[in-house]
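The values are calculated or read from the model by the stated rules, or taken from the named source; none is laboratory data. In this text, all values refer to a predicted model and were calculated from it rather than measured experimentally. Cβ: placed from backbone, ideal geometry, glycine included. Neighbour counts: every protein chain shown.
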Amino acid sequence: MGKSLLSELTHRSYSKAKNPDGTRTAQLRIGVEAKLPYHSFLSDWGDKYQSIMRTALNELQSGKSEDDVEKTFQEKFDIDWAWADSVASDAKGTFDQLTTARTLKIKALDDDLRAGWKSVNDTIELMEQQLANPTRKNMKGFAHRLMGTKSKISRLERKKIEKEELEIAKRLHICFGSSKLFNAQYHLEENGYSSHEQWRIDWEKKRGGNFYSVGKGSVSGNNPVAKIFYINNDIFSVCFTVPRFLRAKYGDTVRLKFEVSGQRKHNLLYALESGKPVTVQCFRREHKNDQWYIHLTTYVQDVPTISSINNGCIGIDLNAETIDVIYIKRDGNPKKCRNALSFPIPTGTTGQKEARLRDFVCEIVKLAQVYQCPIACENLDFSTKKNHLRHSGSREYNRMLSGFVYDKFRSYLVVRAEKFGIEILFKSPFMTSVIGMVKYMGKYGLNSASAAAMVIARRAMGFKEFIPQKWLKILSSFFEPEDSKDGGFAGGWRKISAWLKKFCIRRPQLFELDTVLRLLLDSLVNESQKKTHKKRKLGGSNKSAGRRTGKAKPTEGQVPLERERASVTNIGAVTVAP
C-alpha cells in the first residue's frame with residue numbers, strides 16, 4: 001500500500017531516540033541555506049565527489065549493495081569512511097529515485113496508451129458513420145481529421161515501443177550534466193563552441209560542483225566530516241575534513257565561515273545544542289557567478305497544533321484558472337456570504353510562479369491562524385488524471401494538469417501550515433462541483449469554485465451531502481433503488497451530474513434550481529417516451545404495430561409521468577434537507 005499524500009508532503013517525523021516513557025519526540029525537518037566564501041577545495045572535492053558518486057551508482061546497478069560500496073570505495077579512492085558513507089547514501093538515493101521514476105513512467109505510458117487507443121477507436125467509429133452517410137457537414141474537414149488520427153496512431157505505436165523497451169531494460173539511465181549540453185557537442189558552432197575541448201570544460205563543470213555529507217548528532221559539530229560550529233553573533237563555521245588524497249594540498253581540515261540570522265539562526269542553534277544530526281550539502285550556482293552555497297538540513301521541535309475542527313474549516317478548490325478558498329463555520333455554513341477568496345493561477349517564469357504561490361499560501365495560513373481551524377484540500381492524483389485527460393480535448397484541463405503549480409501549491413501549503421501548527425486535511429473531490437452548484441451556489445450567492453470549496457470543507461468536518469428532498473421526490477422514478485438509498489449520497493449524485501452534462505445545463509442556470517429541475521424532468525420524460533415508443537415499435541406484433549390498446553399501470557412505488565409534471569408546479573412547497 002502506497003503512502004498517503006500527506007505523508008509524502010509532510011516534514012514532520014519522530015526522533016529515533018526514545019524518551020524515558022517509551023515515546024518518540026515529534027520534530028520538523030527544516031533547511032538553512034547560506035553563502036560560502038570561495039575556496040579551491042570546494043571545486044576540487046566537488047568535482048571528484050560527483051565522479052565517485054557516478055561510479056557508485058554504476059556499482060549499485062551491477063548488483064552491489066550500499067555496504068559494499070561504502071567498504072570498497074575507502075581504499076579505491078583513498079577517502080575517509082564518513083565520505084564513503086555519504087557517497088553510498090547519495091548514490092542509493094539516486095538509484096531509488098530512478099527506480100521509482102521508471103515505474104511511474106511505465107504506468108504513465110500504460111495509461112496514455114489505454115486512453116489513446118480508446119480515443120482512436122471512438123474517432124474511427126464516428127468517421128465510419130460519417131462515410132456511410134456523406135453530407136457536406138459530415139465531410140467538412142474529414143481529410144484533416146483522418147490525418148490527425150493517423151498521426152495519433154503513429155505516436156501511440158512509438159509509445160508502445162518505448163514502454164516495451166523500458167520493461168525489458170535492466171539498467172537505469174540518467175544524464176549527469178543535462179542532455180541539452182550533452183547534445184551540444186554534436187553542434188558546436190550553433191551552441192557557441194569553437195572546439196570540443198572548449199565544450200568539455202563546460203561539461204565537466206556542469207557535472208561537478210556538488211558534494212554531500214550525512215549528519216550525525218552524537219559527534220562534535222553534529223556531522224562527521226562537515227562539522228558546524230557557532231562562533232558569535234550571526235557567524236557560524238563549517239570545518240571540512242579533507243579526504244586523504246587531497247591532504248597533501250590542503251592539510252587535514254578546511255574551515256570556512258558563513259552567516260545565518262533571524263529564525264534560521266535560532267533553529268540551527270537549537271539543533272546544535274540538542275544533538276540533532278545536521279546534513280550538509282555544498283553546491284555551486286552557475287547563474288549566480290559560480291557562488292558557492294551551503295545547505296543544512298536538520299530538525300527542530302514540532303510546533304503544537306493550534307487548529308481545531310470545532311472552530312470550523314477552510315476549504316480549498318483547485319481549478320484550471322483559480323485557487324478558491326472559503327471559511328466554513330462548525331455548523332457547516334459560511335460565516336459571511338462574501339468571505340470567499342479567489343487567487344488566479346500565477347503565470348510567468350518558474351521563479352515568479354513559485355513566489356506568487358508562496359504568497360497565496362501565506363494568506364491562506366494566516367486566515368487559518370485567525371480562525372484557528374484546519375485547512376481542507378482535495379486529494380487528487382494529478383499524474384493519473386493527466387494521462388487520461390490528455391485525449392479528452394479539454395485544453396484548459398490539459399494545461400492545468402501539465403503544469404507543476406498544483407503539486408507545488410500543496411507542498412508549500414503543508415510545509416507552511418506545519419510551521420504554524422495548522423492541520424492539513426486531504427479529502428476526496430468526489431462530485432464536489434456538482435454538489436456545490438446544486439446545493440450552495442444559488443443559496444449563498446457563490447461561484448461554482450467557491451461552492452465546491454465549501455463542500456470540501458464540510459466533508460472534512462464530517463458532513464454528508466444528501467440530494468435535496470425535492471429533487472429526490474420529483475425525479476424518483478428515474479433513480480435506481482440504490483441511487484435513492486440514504487438520500488442519494490453516492491449514486492444519485494452521479495446520475496444528476498450525468499443529466500446536467502447530457503442536457504447541456506450551464507452553470508449560471510443553476511442559480512434558478514426550480515427552472516433547472518423542471519427542465520430536467522421534461523427532458524427525462526421526453527427521452528423516456530422516445531425510448532418506450534421505439535422499443536414497442538420494434539417488439540410489437542404486425543397487427544398492433546407495436547401499440548398497446550390498454551392503459552399501462554405504473555409499477556409499485558413509481559409515480560406516473562403526468563403526476564410528475566403536475567408536481568413541478570408545487571416545487572417551492574417542498575423543504576430542503578440540510
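What the table below lists for this structure:
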| read-out | value |
| --- | --- |
| Unmet criterion (only one of (1) under 30 Å from residue 40 (Cα atoms); (2) charged (D, E, K, R); (3) under 35 Å from the mean Cα position of the chain (by Cα)) for residue 200 | (3) |
| Filter result (part of a loop (DSSP other than H, G, I, E, B) and not hydrophobic (A, V, I, L, M, F, W, C)) within the stretch 426-472 | 428, 429, 445, 447, 462, 464, 465, 468 |
| Selection from the stretch 268-309 of residues that are touching a strand residue (DSSP E or B) at 6+ places or on another chain (Cβ under 8 Å), acidic (Asp, Glu) and either more than 24 Å from residue 423 (Cα to Cα) or assigned to a strand (DSSP E or B) (or both) | 290 |
| Residue within the stretch 323-339 that is surrounded by 17 or more Cβ atoms within 10 Å (Cβ to Cβ), outside the structural domain of residue 436 (by TED's automatic domain parsing) and either closer than 30 Å to residue 25 by Cβ or of a type in the set (Asp, Glu) (or both) present | no |
| Unique residue being in contact (Cβ under 8 Å) with a residue 24 or more places away in the chain and closer than 21 Å to residue 461 by Cα when the list is 317, 302 | 317 |
| Residues being in contact with a strand residue (DSSP E or B) (Cβ under 8 Å, 6 or more places away or on another chain) and more than 24 Å from residue 74 (Cα to Cα) - total across the stretch 216-246 | 7 |
| Filter result for the condition that a residue is in contact (Cβ under 8 Å) with a residue 60 or more places away in the chain, over 36 Å from the mean Cα position of the chain (by Cα) and within 30 Å of residue 299 (Cβ to Cβ), over 80, 44 | 80 |
| Set 454, 461, 441, 431: member being closer than 30 Å to residue 529 by Cβ and either in the same structural domain as residue 494 (by TED's automatic domain parsing) or not acidic (Asp, Glu) (or both) | 431 |
| Residue check, residue 178 small (Gly, Ala, Ser) and at pLDDT below 95 | yes |
| Within the stretch 207-242, tally of residues that are farther than 22 Å from residue 15 by Cβ, charged (D, E, K, R) and in contact (Cβ under 8 Å) with a residue 40 or more places away in the chain | 1 |
| Considering residues of the stretch 429-444 that are of a type in the set (Gly, Ala, Ser) and under 27 Å from the mean Cα position of the chain (by Cα) only, the residue surrounded by the fewest Cβ atoms within 10 Å (Cβ to Cβ) | 433 |
| Candidates 204, 162, 190, filtered to the one that is surrounded by fewer than 16 Cβ atoms within 10 Å (Cβ to Cβ), out of contact with any Asp or Glu (no Cβ under 9 Å at 6 or more places or on another chain), under 25 Å from residue 97 (Cα atoms) and modelled with pLDDT under 95 | 162 |
